[in-house]
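Asks: Dropping a structure here in structure tokens format, bear with me for questions.
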Amino acid sequence: MKYLKILWNGILKENPTFVLLLGMCPTLGTTSSAINMSMGLATMAVLIFSNLIISCIKNLIPDQVRIPSYIVVIASLVTALQMFMQAYTPEMYKTLGLFIPLIVVNCIILGRAEAFAAKNGPVESIFDGIGIGFGFTFALTLLGGIRELLGTGKLFGATIYSENYGMLLFVLAPGAFIALGYLIAIVKKTAKI
């Protein structure tokens, strides 16, 4: 039951995009379509493993070098992820491009390392990484789906209505801000956060 609560917190109560408003750069930059949920999955992988490692080594790290140590762990994991994606999923690697190395400085990961993994055990930290990662992936997919549907008339690449009726605004950066603003308002209103 405790682990389900940790998962639920990451998905809704502490959703990094809709509630904590963290990770806005990849949120706005990679959500032109619902298929780009791969950024969320990549972030989730780094989150899970960084939370696990940091929760295991938290007592070995002196307070003076705590944050730099976390960044070294996160950067090592992102480098491994980048090499893995380049070798086994080159199309996804090309799609995400510059946003993969930016995972290192994503405040979601460093924030969860500091706020949760450094204060809890490995199992709880893994579940926190899964919950926050799934919440981030859900937010990216939802925002990307809305932008893709309104902008191009497609959803996950499948045509829903003619592209002639799409609103170019939602394909561009201002549409990302508008859609995100409405989604944040809807989540806050319906979830009573």
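The values are calculated or read from the model by the stated rules, or taken from the named source; none is laboratory data. The structure displayed is predicted, hence computed values, not measured ones. Positions of Cβ are generated from backbone atoms using ideal geometry, with glycine treated the same way; all protein chains shown enter the neighbour counts. Note: areas computed on protein heavy atoms with side chains; ligands, DNA, RNA excluded. Shrake-Rupley method; radii C 1.70, N 1.55, O 1.52, S 1.80 Å.
Asks: Which of (1) outside any helix (DSSP H, G or I); (2) at pLDDT 90 or above is the odd one out, the single condition THR79 does not satisfy?
Replies: Among (1) outside any helix (DSSP H, G or I); (2) at pLDDT 90 or above, the lone unmet condition for THR79 is (1).
Asks: Would you mind stating whether LEU110 is within 12 Å of the chain's Cα centre (by Cα), among the hydrophobic types (A, V, I, L, M, F, W, C), modelled with pLDDT under 95 and open to solvent by 30 Å² or more (accessible area, probe 1.4 Å)?
Replies: The answer is no for LEU110.
Asks: Can we say ARG66 is modelled with pLDDT of 90 or more, open to solvent by less than 50 Å² (accessible area, probe 1.4 Å), in a helix (DSSP H, G or I) and among the basic types (Lys, Arg)?
Replies: no
Asks: Any idea which of PHE156, PHE170 is aromatic (Phe, Trp, Tyr) and either crowded, with 17+ Cβ neighbours inside 10 Å or in contact with a strand residue (DSSP E or B) (Cβ under 8 Å, 6 or more places away or on another chain) (or both)?
Replies: PHE170
Asks: Also, quick follow-up: Could you figure out which of (1) without any contact (Cβ under 8 Å) to a residue 12 or more places away in the chain; (2) under 15 Å from the mean Cα position of the chain (by Cα) isn't true of TYR88?
Replies: Against the list (1) without any contact (Cβ under 8 Å) to a residue 12 or more places away in the chain; (2) under 15 Å from the mean Cα position of the chain (by Cα), TYR88 comes up short only on (2).
Asks: Can you pull out the residues in the range 13-26 that are in contact with a helix residue (DSSP H, G or I) (Cβ under 6 Å, 6 or more places away or on another chain) and surrounded by fewer than 17 Cβ atoms within 10 Å (Cβ to Cβ)?
Replies: Passing the criteria: none in range.
Asks: Another question, then. Any idea which of GLY97, GLY111, GLY135 is among the small types (Gly, Ala, Ser), in a helix (DSSP H, G or I) and free of Cβ contacts under 8 Å to residues at least 12 places away in the same chain?
Replies: GLY97
Asks: Tell me which residues, restricted to the range 69-83, are of a type in the set (Gly, Ala, Ser) and open to solvent by less than 40 Å² (accessible area, probe 1.4 Å).
Replies: Residues satisfying the conditions are SER69, ALA75.
Asks: (1) modelled with pLDDT of 90 or more; (2) more than 29 Å from GLN64 (Cα to Cα): which one isn't true of TYR161, the others all being true?
Replies: (1)
Asks: So, SER55, is that one more than 17 Å from PHE136 (Cα to Cα), assigned to a helix (DSSP H, G or I), open to solvent by 20 Å² or more (accessible area, probe 1.4 Å) and among the small types (Gly, Ala, Ser) or not?
Replies: no
Asks: Among LEU142, LEU60, which is in a helix (DSSP H, G or I) and surrounded by fewer than 22 Cβ atoms within 10 Å (Cβ to Cβ)?
Replies: It is LEU142.
Asks: Further question on the same structure: Of all residues in the range 28-52, which are open to solvent by less than 50 Å² (accessible area, probe 1.4 Å), at pLDDT below 85 and not in a loop (DSSP other than H, G, I, E, B)?
Replies: Within the range 28-52, LEU28, GLY29, ALA34, ASN36 meet the criteria.
Asks: For the subset of the range 114-123 comprising residues that are within 15 Å of GLY10 (Cβ to Cβ) and assigned to a helix (DSSP H, G or I), which member is least open to solvent (accessible area, probe 1.4 Å)?
Replies: ALA117
Asks: Scan the range 84-101 for residues that are of a type outside the set (Val, Ile, Thr) and either over 15 Å from GLY29 (Cα atoms) or buried (at least 17 other Cβ atoms within 10 Å of the Cβ) (or both) and jot them down.
Replies: PHE84, MET85, GLN86, ALA87, TYR88, PRO90, GLU91, MET92, TYR93, LEU96, PHE99
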